[in-house]
Amino acid sequence: GEDVEQSLFLSVREGDSSVINCTYTDSSSTYLYWYKQEPGAGLQLLTYIFSNMDMKQDQRLTVLLNKKDKHLSLRIADTQTGDSAIYFCAERRYSTLTFGKGTMLLVSP
Amino acid sequence: DTGVSQDPRHKITKRGQNVTFRCDPISEHNRLYWYRQTLGQGPEFLTYFQNEAQLEKSRLLSDRFSAERPKGSFSTLEIQRTEQGDSAMYLCASSLARLAGALNTGELFFGEGSRLTVL
């Protein structure tokens, strides 16, 4: 299929780690991205990973890439209530980005 | 603020009317994208420009939709004879595509969106 797939919802407690998963479709995708969207706002780029990398860490964020399984994950360490938002993964196909439907992360105190 | 700006932020219109949205990209960015996002969905690609040339259009972009980027800077997206199904958030994004051979990380920088409600 052509869809980028994500689980729809994740609920965690403040201070826990959150792991958001994504499967993509195009094995030739060169870059994969994670974006965050807060209510009523546009998308904010969080991080991206080049397809020849397995892992990328950026402060509280860790991205893992399994090219064989076309699986991408975003781990947020020490999740805060301000991390509550919708998280989108996206793959780059030629010059455009194709997005999943988003995972809503709810962080409770 | 030197980010992507969109105008208007909200538009309510009656079915059959025409609407136009404007996007001002980050100034040094040569690529400009339009996406549509409906409730509970991710952004869906509509079209993109490199400088003033419209290089790709999605099948979602029906004949009632037209986009322009006349001077390679700002862009407009016009929807003619709006239908209720056009109600959505219209997102603009820009990026910098470097010369061939250079590393293009390809990330898009999005504006806050223009929300269209068709009654």
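What follows draws every value from the coordinates through simple rules; no lab data is involved. Keep in mind that this is a model prediction, so the values were computed, not measured. Cβ coordinates were reconstructed from backbone atoms using ideal geometry, including for glycine residues, and neighbour counts include every protein chain displayed.
Computed over the protein assembly as shown, the quotient of the alpha carbon radius of gyration and 2.2 N^0.38 Å is 1.03.
Spin-label model, A:L106 to B:E56: label points 7 Å out along the Cα-to-beta-carbon direction sit 3.6 nm apart. Taking other residues whose beta carbon is less than 10 angstrom from the beta carbon of B:N18, and scoring Lys, Arg as +1 and Asp, Glu as -1, yields +1.
Each of B:D63, B:D24 has some number of other Cβ atoms within 10 Å of its Cβ, and from fewest to most they run B:D63, B:D24. As a proxy for reagent exposure, B:C92, A:C22 were ordered by neighbouring Cβ count within 10 angstrom, fewest first; the result is A:C22, B:C92.
Approximating the spin labels as points 7 Å out from Cα along Cα→Cβ, the A:M55-to-A:F9 distance works out to 3.2 nm. Once the Cβ-Cβ distance of A:S27 and B:T76 is raised to the sixth power relative to R0 = 25 Å, the FRET efficiency obtained is 0.10. The per residue volume of the convex hull around the alpha-carbon atoms of the range A:16-109 is 92 Å³. Per q in 0.20, 0.26, 0.34 1/Å, what log10 I(q)/I(0) does a Debye calculation on the alpha-carbon atoms of the range B:5-45 return? The calculated log intensity ratios at q = 0.20, 0.26, 0.34 Å⁻¹ are -0.86, -1.11, -1.14. Dividing the Cα radius of gyration of chain B by 2.2 N^0.38 Å, with N the residue count, gives 1.04.
Could you please rank B:R59, A:R92, B:R9, placing first whichever residue has the fewest other Cβ atoms within 10 Å of its Cβ?
Taking fewest neighbouring Cβ atoms as first place, the list is B:R59, B:R9, A:R92.
With contacts taken as Cα pairs under 8 Å and at least 6 residues apart, chain B reaches a relative contact order of 36 percent. Mind grabbing the base-10 log of I(q)/I(0) for the range B:41-111 at q = 0.25 Å⁻¹? Debye formula, identical points on the C-alpha positions, no solvent, two decimal places. Rounded to two decimals, the profile gives -1.38.
Taking the square root of 5 times each eigenvalue of the Cα gyration tensor, what semi-axes in Å does the equivalent ellipsoid of the range A:26-67 have, largest first? All intermediate terms of the calculation are to be shown ahead of the outcome.
Details: eigenvalues 94, 37, 9 Å².
The answer is 22, 14, 7 Å, longest axis first.
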